[in-house]
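To start, the structure under review is shown below, and the notes come after it.
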Amino acid sequence: MGGDKIHRLAARAIGGAKAMIVTSGAGLGVDSGLPDFRGDQGFWKAYPMYERLGISFVGAANPVNFQDDPAFGWGFYGHRTHLYRSVEPHDGFRILARWIERFGMDSFIVTSNVDGQFQKAGFREERILEVHGSIHHLQCLSPCSGAIWPNREEIPVDPDTMRARSIPRCIRCGGTARPNVLMFGDFSWVADRTSLQEERFGIFLEENLGREAVVVELGAGTAIPTIRYMSERLGRRAGATVVRINPREPWIDEPHLSIAEGALAALRAIDAYLPAG
């Protein structure tokens, strides 16, 4: 399907919807300069030190590192914390917010990203589901309790060794703290914050049952297909249309829409077909 036609169809689905669900993966952040860790080579391009050590993304994003060597575990997550704090959300976030306001849509964000960029862009905390948690919150490694608290730590990292120079501590027991992020092979993630978000999302879905809805999926790949499965499940609801935006893996069955572009480029192209307001 031609580019102009697919953008026009996406604009029609958005303009006619009563509710919008934005589902996003790591590809959304690429336009802000964030790495998407696509495959080992993509991860090592962002973190060449780990290539020298022979460590993949799966190996770096593992709670065992916090248990065995907290400075090494926090090297990866300390660097990412600083990166996500320093990056500004790209204009695509503002385009989405403008659509929601312009067309008076009820809305919810569902993201596998732990970077907090939707909150930074001004989206309401109570309308966001972070399925893998957030790097901007901490918990005890053990855990000694179900406590989850904001990550206000400064965590300097030696870029040559990727080791943290300070280790965040649990506010209850004083032991090692870790990000409240679901990692690979995780044995101690405290899911209470995300569970509350899931409850809010469930209420949102009930309130919008049977209404015309558009699911705008951005940068969600097949390697960890959590978000793609979510979008496809939502697309089976009556009155729902999925707009899948992905430069490498855009395919989705009709009547849903497939746009083989990056997030920002596609959102701008769709926006051009929507009425100004």
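The values are calculated or read from the model by the stated rules, or taken from the named source; none is laboratory data. Everything quoted here is computed from the prediction, not taken from an experiment. Neighbour counts run over all protein chains shown; Cβ positions are idealised from the backbone, glycine included. Protein only, heavy atoms only, side chains kept; ligands, DNA and RNA dropped before computing areas. Shrake-Rupley method; radii C 1.70, N 1.55, O 1.52, S 1.80 Å.
Points to keep in mind about this one:
- Region 25-68 gives an Rg/Rh value of 1.03, both radii derived from C-alpha positions and Rh following Kirkwood.
- Here region 57-130 and region 172-232 have alpha carbon centers that stand 12 Å from each other.
- Summed over all non-identical Cα pairs, the Kirkwood treatment of the chain gives a radius of 19.6 Å.
- Farthest towards the positive end of the charge dipole of the chain, among the residues Gly75, His132, Gly92, is the Cα of Gly92, using unit charges on the Cβ of Lys, Arg, Asp and Glu.
- Accessible solvent surface per residue of the chain, calculated while the other protein chains remain in place, 1.4 angstrom probe, Å²: 45
- Helix-only arithmetic for the chain: the sum of -39500 (n - 2.57) across DSSP H runs with n ≥ 4, divided by the residue total, places the mean residue ellipticity at 222 nm at -11000 deg cm²/dmol.
- For the chain, the fraction of 1.4 Å probe accessible surface lying on carbon and sulfur atoms is 51 percent.
- Computed on region 182-277, with alpha-carbon pairs under 8 angstrom and 6+ residues apart, the relative contact order is 20 percent.
- Kirkwood hydrodynamic radius computed over region 129-269 comes to 17.9 Å, based on all pairs of distinct alpha carbons.
- Length-normalised contact order for the chain - Cα pairs under 8 Å, 6+ apart - percent: 26
- Share, in percent, of DSSP beta bridges within the chain that are antiparallel, nearest 5: 30
- Among the GluC sites (Glu not before Pro) within region 148-209, those in coil by DSSP and having at most 14 neighbouring Cβ atoms inside 10 Å are Glu154.
- Highest average packing first - 125-135, 248-258, Cβ atoms within 10 Å: 125-135, 248-258
- Residues Arg124 and Arg85, FRET efficiency given R0 of 30 Å [Cβ-Cβ distance, rounded to 0.05]: 0.90
- Helix 3-15 axis, angle to the chain major axis (alpha carbon atoms, nearest 10°): 90
- Shape category assigned to region 88-129 from the gyration tensor of Cα positions, a/c cut at 1.5: oblate
- Rounded, prolate or oblate (a/c below 1.5 giving rounded, otherwise prolate when a/b exceeds b/c) for region 173-229 by Cα gyration tensor: oblate
- Size of charge dipole - region 132-277 - debye, nearest 20, with Cβ of Lys, Arg +1 and Asp, Glu -1, no other charges: 400
- Cα-based helix-to-principal-axis angle, 91-102 vs the chain, degrees rounded to 10: 50
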